[in-house]
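Worksheet: the structure to be examined is printed underneath.
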Amino acid sequence: MVGESARSGRLLLAPIAVLYLIALIAPISFFLVMSVFRYSALELWVPTVTGENFARLLGEPYHRAIIVRTLKIALLTTVGCLGLGYPLAWYLARTASVWRGLLMFLVIAPLMTGVIVRTYGWIVLLGSEGTVNTILRGLGLVDRPLKILHTELAVVIALVHILLPYMVFPLFAALAGQDPDLERAAHTLGAGPARTFLEVTLPLSRPGILMGSALVFTLTAGAVVTPALMGGKDVQMLGQTIYELTMSTLNWPLASAVAFVLVLCQLAILLVYFRIGRGRAA
Amino acid sequence: MPPDAPVAAAAIERQAPVVAPAAGRAGRLALGVAVTAIYVFLLAPVAIIVFSSFNPTEANTFPPTGFSLRWYAKFLDSAGFVAAFRFSLWLAVVAAVAATAIGFLTAHGLVRYWSRGRGILQSLAMLPMMVPHLLISISLLLALMVVPVPELAALIVGHVLICLPFAIACIVASLEGVDAQLELAALTLGASRLRALWEVVIPLVAPGLLSALLFTFMVSFGDVYIALFLSGPGRTTLPIEIFAYMQWESTPVVAAITSIQILLIIGLGLLIERLVGLRTIMRV
């Protein structure tokens, strides 16, 4: 029975294992290996080991600026999501409101409408003829429309909006999983609200903070559509560089090197996540 | 996903939500204001789209200067948008069915047969959510250059990949609520494994399966990254058609299309909420 049960268990996981191996792990591995191939205008790539793609990527000021900008926007977006996501997740995890179900739905609902829909909404809001500028001019705060669209700020605002649910999920799980008696105990022992939060609630929610930040940082670093529409030509990020290199320049090895840098950033973050997470558990 | 998620979920079920007694009155007021502001931030871009879709003028002005359905009419007149809308619907149905089927097998295997290694395996199953979709898509495009597979197949596979984590999350949540003894009883009474699955397990997790179908449909329908690299002439999804259009101009016809999409999504979302409750999925 035990043997048969183990076989059933393996059999049920076979489809997803085959799919992930063939369509996810193998292609991504191949794509990343290409970062050490030589670019050739004629054959697209020559499978010889070279470091020229990375040298170009890290050596040219143009590419370095894009890497720095991407990291900056990813960091700002992560901080923004954390700043907005934490109070929201805390509220959702602690509230006794009858509207709780609906409020949760409203957090998830924007996630479902897709990136294009939400980015378009921000274009309508932030454009020079947009709602924000209309209101500012109506109030007499500015006489000429502010240039918000096609700036880094616009990209960060839209990305925070799009990625906020990814921050709220793990934070909510971490906060809702806490024993409410701990906060009560801290209160009984004489700690004020601020101290209770800083010394009990916040440290206990660290896994959620790390998980959410890792997710948001990664997803921002790989964004293409939102930076393209909100930032225009002036605010190019790594994702757009990869898109252009593969779709118009057809320099796959260099595109792969760019992606490699992205993946390295992600791995570094995951490493931090597991080290801090482990450190806590032990 | 957080390894302590099931524990978190169990804790929610066990205890009624408690407002921290430590939160003072001023603190609570500040929190209320902050949370309201965050909800305004979350919903404003969606609300503004719906408003501007009924705007009679070309410019995306707010407040609207009147009420008109001309942008909806223009959408229906545009062959490109209508074709893309249809293709997106078709693709989303195919991807949702495939992802739900594979997701059911995976979830069932994880919940019933892998008690020890489940944590790691379930995290691995969530892999497509952890990898930037851009990377999945571009790697599939590269694979197409090496292995001769129709591009449409790659597009479908890509959508199934990004849908799977959501399908598994829905079905795992649903399976956990089903007593494992029921399946065991069917087996003891002489049913084959397949029959036990078909006649006992599947009817019991039907709400989970349905919500998985709806959820993955939405994921596929809203995707841009997979389709960005893998769509082509005659295979353009709606978000890609809109993206291409928006790079040149931005008229409220986009608002009309996205309003229809929002309506569709809200309808499906409410349906899921009724079926299993979105909260069970959120704890993934």
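The values are calculated or read from the model by the stated rules, or taken from the named source; none is laboratory data. The structure presented is a predicted model; accordingly, all values stated were derived computationally and were not measured. Every residue, glycine among them, receives a Cβ derived from its backbone with ideal geometry; neighbour counts consider all protein chains shown.
Any idea which residue in segment A:79-136 is farthest from B:VAL219 (Cα to Cα), counting only those that are among the hydroxyl-bearing types (Ser, Thr, Tyr) and either facing chain B (nearest Cβ under 7 Å) or assigned to a helix (DSSP H, G or I) (or both)?
The qualifying residue farthest from B:VAL219 (Cα to Cα) is A:THR134.
Answer with yes or no whether A:GLY190 is among the small types (Gly, Ala, Ser) and surrounded by 19 or more Cβ atoms within 10 Å (Cβ to Cβ).
no
Output yes when any residue across segment A:161-171 is among the aliphatic types (A, V, I, L, M) and at the interface with chain B (Cβ under 8 Å from one of its Cβ atoms), and no when none is.
Yes, that holds for at least one residue.
Identify all residues within segment A:219-256 that are among the β-branched types (Val, Ile, Thr), in contact (Cβ under 8 Å) with a residue 60 or more places away in the chain and touching a Leu at 6+ places or on another chain (Cβ under 8 Å); write none if there are none. Let's see the steps before the verdict.
Going residue by residue through segment A:219-256, those that are among the β-branched types (Val, Ile, Thr) are A:220, A:224-226, A:235, A:241-242, A:246, A:249.
Filter once more, so that each one left must be in contact (Cβ under 8 Å) with a residue 60 or more places away in the chain: A:220, A:225-226, A:235, A:241.
Matches in segment A:219-256: A:THR220, A:VAL225, A:THR226.
Do any residues in segment A:51-65 that are closer than 18 Å to A:ILE242 by Cβ have Cβ atoms under 6 Å from those of residues that are of a type outside the set (A, V, I, L, M, F, W, C), where the two are at least six apart or on different chains, and which pairs are they?
A:ASN53/A:SER35; A:ASN53/A:PRO253; A:LEU57/A:HIS63
If we keep just the residues of segment B:143-191 that are within 26 Å of the chain's Cα centre (by Cα) and outside any helix (DSSP H, G or I), which is farthest from the other protein chains (Cβ to nearest Cβ)?
Out of the qualifying residues, it is B:GLY177.
Whether any residue in segment A:173-196 is more than 8 Å from every other protein chain (Cβ to nearest Cβ) and touching a residue at least 40 places away in the same chain (Cβ under 8 Å) is what I want to check.
yes
Looking at B:LEU140 and the list (1) under 16 Å from the mean Cα position of the chain (by Cα); (2) within 11 Å of chain A (Cβ to nearest Cβ); (3) in contact (Cβ under 8 Å) with a residue 12 or more places away in the chain, which single condition is not satisfied?
Single failed check for B:LEU140: (1).
Of all residues in segment A:30-77, which are surrounded by fewer than 12 Cβ atoms within 10 Å (Cβ to Cβ) and part of a helix (DSSP H, G or I)?
The answer is A:ALA55, A:GLY59, A:PRO61, A:TYR62, A:ALA65, A:VAL68.
When residues of segment A:196-236 are filtered for being surrounded by 22 or more Cβ atoms within 10 Å (Cβ to Cβ) and not in a helix (DSSP H, G or I), how many remain?
The number of residues fulfilling the criteria is 4.
Only one of (1) over 25 Å from the mean Cα position of the chain (by Cα); (2) modelled with pLDDT under 90 fails for B:ALA37. Which number is that?
Only one criterion is unmet by B:ALA37, namely (2).
Please enumerate the residues belonging to segment A:248-266 that are within 11 Å of another protein chain (Cβ to nearest Cβ) and at pLDDT below 90.
Those that are within 11 Å of another protein chain (Cβ to nearest Cβ) and at pLDDT below 90: A:LEU262, A:VAL263, A:CYS265, A:GLN266.
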